[in-house]
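Here's the structure, in structure tokens; my notes come after.
The values are calculated or read from the model by the stated rules, or taken from the named source; none is laboratory data. Because the structure is predicted, anything quoted here is derived from the model rather than measured. Neighbour counts run over all protein chains shown; Cβ positions are idealised from the backbone, glycine included. Each accessible area value is taken on the protein alone, full model and side chains, heavy atoms only, with ligands, DNA and RNA left out. Shrake-Rupley method; radii C 1.70, N 1.55, O 1.52, S 1.80 Å.
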Amino acid sequence: QDNFDVIITDSSDPIGPASVLFETPFYNAMHRSLRDGGIVCTQGESIWLHLDIIKPLIDSIKQIYTSVEYAYTTIPTYPSGQIGFIIATKNRGSCKQPEKSPSNEQQDDLKYYSADIHQASFVLPHFAKKAIFDA
């Protein structure tokens, strides 16, 4: 308990044996394993295909995590061309703003990531924001 700063879970889809990785007890166990200020980032399915999975999971874990957010990126080979991330924190705020931006030299070596992409990944289409966060 209280051992990890970051937990990243790149799980398979929520069917069969992997379905437990999309349930509240798994998120509770990760929360217990995080140090204060820790971050969990898990595979969050697609807003285009899986709102029926995303919303109940986020609703169930926002009672225990300080911040629960949804972000996404484009992956051309995935169904619908995108994949999401559920990002939850323990005793810290939002992850929407990068804490540190790459230097110009580092940015030149990166093909995709930038501070702008980081922030934009949290901007959801209206239908998704409304469906997931009742906003």
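By definition, a body whose alpha carbon gyration tensor gives a ≥ b ≥ c is oblate when a/c is 1.5 or more and a/b is not larger than b/c, and region 66-107 fits this oblate description.
Dipole magnitude for region 55-132: computed about the Cα centre from +1 point charges on Lys and Arg Cβ and -1 point charges on Asp and Glu Cβ, it is near 460 debye. For F133, the accessible area of its heavy atoms, probed at 1.4 Å with every protein chain present, is near 60 square angstrom. Computed over the chain, relative contact order equals 23 percent, with contacts defined as Cα pairs under 8 Å that lie 6+ residues apart. When all protein chains stay in place and ligands, DNA and RNA are ignored, the 1.4 Å accessible-area order of V123, V40, largest first, is V123, V40. Between I75, I54, I83, find the one with the highest GNM mean-square fluctuation for the chain; connect C-alpha pairs within less than 10 Å. Evaluated over the chain, the most mobile residue of the options is I75. Surface exposure of the chain, expressed per residue as accessible area with a 1.4 Å probe, stands at 59 Å².
Given a 1.4 Å probe and the protein chains as shown, I47 ends up with an accessible area of around 0 Å². Ordered from largest to smallest accessible area (heavy atoms of protein chains, 1.4 Å probe), the residues K129, K111, K55 come out as K111, K129, K55. Determine the share of region 1-77's accessible area contributed by carbon and sulfur atoms, expressed in whole percent, with a 1.4 angstrom probe. Ligands and nucleic acids excluded, carbon and sulfur reach 57 percent.
Placing +1 on the Cβ of every Lys and Arg and -1 on the Cβ of every Asp and Glu, with nothing else charged, gives the chain a dipole about its Cα centre of roughly 340 debye.
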